[in-house]
Amino acid sequence: MLKLPGLIDPHVHVREPGQTHKEDWDSATQAALAGGVTLILAMPNTKPPIFDAATLDLALESARQKARCDYAQFVGAGPDNADILRSLAAQAAGLKMYLDSTFGELRLDDMTLWMPHFQNFPKDSPVVLHSESRTMAAGILFAALYDRPVHIAHISLKEEVLLIKAAKERGIKVTCEVCPHHLFLSKDDIPAIAHGHPGRGEVRPRLATKEDVDALWKNMEVIDCFATDHAPHTLQEKDSDNPPPGFPGLETLLPLLLTAVDDGRLTMDEIVQKSVINPRNIFRLPEQPETWIEVDEKAEYEIKAVNQFSRCGWTPFEGWKVKGQVRKVTLRGQTAFEDGKILAEKGFGRNIRDQ
Ligand SMILES: [Zn+2]
């Protein structure tokens with residue numbers, strides 16, 4: 001049995017408040033524990049979005065009652081909430097800015113709306129950008145102009161990893177994460193995932209070309225974190241005429257990474273570095289005392305949605321054969337998961353930003 005520290009997933013869509021038919025603080029944190037993840041950072045694009053004191057309280061109250069693993073909640077940048085968010089920074093996982101999306105309360109239609117956030121949000125609090133391709137380049141320019149760290153969510157393209165590499169070489173304070181689905185899947189896999197339902201292949205950023213995927217693997221040292229971007233939607237929604245983009249990922253992250261270790265594509269040290277040490281440093285997270293996971297490196301099994309705790313009921317990795325299974329999770333001295341069973345109670349999870 002292999003012992004690792006509890007993993008940190010800095011990018012999870014819990015779906016509560018507002019869309020608890022696909023996930024909530026209970027089911028998301030069960031999925032986390034089953035995947036060997038003991039600390040999640042929750043994204044703010046819920047319904048309503050988390051963008052002021054009242055909505056932050058709403059999310060944190062649900063989390064306080066239901067979460068089974070530790071957590072923190074991001075706040076979302078909107079067109080006129082930079083002052084409010086500055087005052088909430090200490091209570092939040094960090095600030096999430098959606099630079100490519102132009103809808104809802106978290107819309108940032110032009111770059112003048114980015115400025116007050118870069119100006120006001122405390123420099124020692126994390127800022128995460130959803131920014132793809134050339135928008136990412138603009139985000140990195142902002143990091144340089146305002147001389148503050150930024151973390152780029154879910155990079156997927158060769159041009160992105162190469163630009164981040166160049167920016168890091170120039171001393172710009174930029175870090176980044178990559179999702180398992182952008183490492184293990186390319187657009188060539190969409191027909192197999194879709195099974196005649198094209199919506200099931202929809203994710204943002206989109207699955208990229210084989211060349212992009214190869215570039216991510218080749219530049220693994222540029223990638224700071226693994227993050228799932230766990231974004232559950234029900235199959236009914238995925239198979240509808242207007243399918244929402246997103247894949248679940250909490251329960252498949254570690255088995256996929258361990259299989260890559262077995263294949264000689266990744267090292268165990270890289271898993272610990274990118275799923276524990278780097279996220280802890282980038283997001284200024286406390287160490288979780290007496291917390292570890294036990295993994296059977298030799299166990300081979302098939303990924304099946306029916307065995308998962310996520311409420312969404314499907315996975316793009318259905319039927320994949322993996323090697324490496326989470327057997328036991330110990331969180332703050334208590335057995336939280338063992339042999340397929342969640343043992344942590346609702347409400348056991350702690351907000352790591354609580355003073
Ligand atoms: Zn996301």
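Rank these by accessible area, largest first, 1.4 Å probe: Glu221, Glu23, Glu302.
Result of the area sort, largest leading: Glu221, Glu302, Glu23.
Could you give the nm distance between label points at Met115 and Arg64, where each point is 7 Å from its Cα heading toward the beta carbon?
It is 3.9 nm.
Grab the Cα-Cα distance for Arg284 and Leu162, subtract it from 0.36 nm times how many residues apart they are, and report the gain in nm with one decimal.
Gain on stretching Arg284 to Leu162: 41.3 nm.
Which of Leu113, Leu88, Leu145 moves the most in a Gaussian network model of the chain with Cα springs under 10 Å?
Looking only at Leu113, Leu88, Leu145, the biggest GNM fluctuation is shown by Leu145.
Where a Cα-Cα gap under 18 Å defines reach, which aspartates and glutamates qualify for Lys165, not counting those fewer than 8 residues away within the same chain?
Glu132, Asp147, Glu177, Glu211, Asp212, Asp214, Glu221, Asp224, Glu270
Say each of Ser101 and His197 gets a label point 7 Å from the Cα, pointing the same way as Cα to Cβ; how far apart are those two points in nm?
Roughly 2.2 nm, to one decimal.
Residue separation times 0.36 nm, minus the C-alpha to C-alpha distance between Asp188 and Ile277: what's the value?
Result: 28.8 nm gained on full extension.
Any chance you could check the Cα centroid distance between region 318-355 and region 121-139 for me, in angstrom?
31
Please get the size of the charge dipole for the chain, origin at its Cα centre, with Cβ charges of +1 on Lys and Arg and -1 on Asp and Glu, quoted in debye to the nearest 20.
So the dipole magnitude of the chain works out to roughly 360 debye.
Accessible area of the chain with a 1.4 Å probe: how many percent of it is carbon plus sulfur?
For the chain, the apolar C and S fraction of the accessible surface comes to 48 percent.
Express in Å², to the nearest 10, the accessible area of Trp320 obtained by rolling a 1.4 Å probe over the protein heavy atoms while all chains stay in place.
So the heavy atoms of Trp320 present about 80 Å² to solvent.
Glu345 to Ile84: extension gain in nm, 0.36 nm per residue of separation minus the Cα-Cα distance? Spell out each step's value before the answer.
On the way: separation 261, 0.36 × 261 = 93.96 nm, distance 3.36 nm.
Using 0.36 nm per residue and subtracting the Cα-Cα distance, I get 90.6 nm.
Tell me which lysines have Cα within less than 17 Å of Lys47's Cα, excluding those fewer than 8 residues away on the same chain?
The reachable lysines, counting only those whose Cα sits under 17 Å from Lys47, are Lys22, Lys96.
Using alpha carbon centroids, what distance separates region 194-241 and region 1-49, in Å?
So the separation of the two Cα centres works out to 17 Å.
Return the distance in nm (one decimal) between the two label points of a simple spin-label model at Trp217 and Asn242, each offset 7 Å from Cα along Cα→Cβ.
Modelled inter-label distance: 3.9 nm.
For Arg204, project a label point 7 Å along Cα to C-beta. Then give me every residue of region 33-60 with its amide nitrogen under 17 Å of that point.
43-50
With a Förster radius of 35 Å, plug the Cβ-Cβ distance of Val306 and Met268 into 1/(1 + (r/R0)^6) and report the FRET value to the nearest 0.05.
It comes out at approximately 0.75.
Per residue, how much accessible surface does the chain expose to a 1.4 Å probe? Answer in Å², no decimals.
41
The values are calculated or read from the model by the stated rules, or taken from the named source; none is laboratory data. Quick caveat, the model's predicted, so the values are computed rather than measured. Here the Cβ is made from the backbone with ideal geometry for all residues, glycine too, and neighbour counts use every protein chain on show. What goes into the accessible areas is simple: the full protein's heavy atoms, side chains included, and nothing from ligands, DNA or RNA. Shrake-Rupley method; radii C 1.70, N 1.55, O 1.52, S 1.80 Å.
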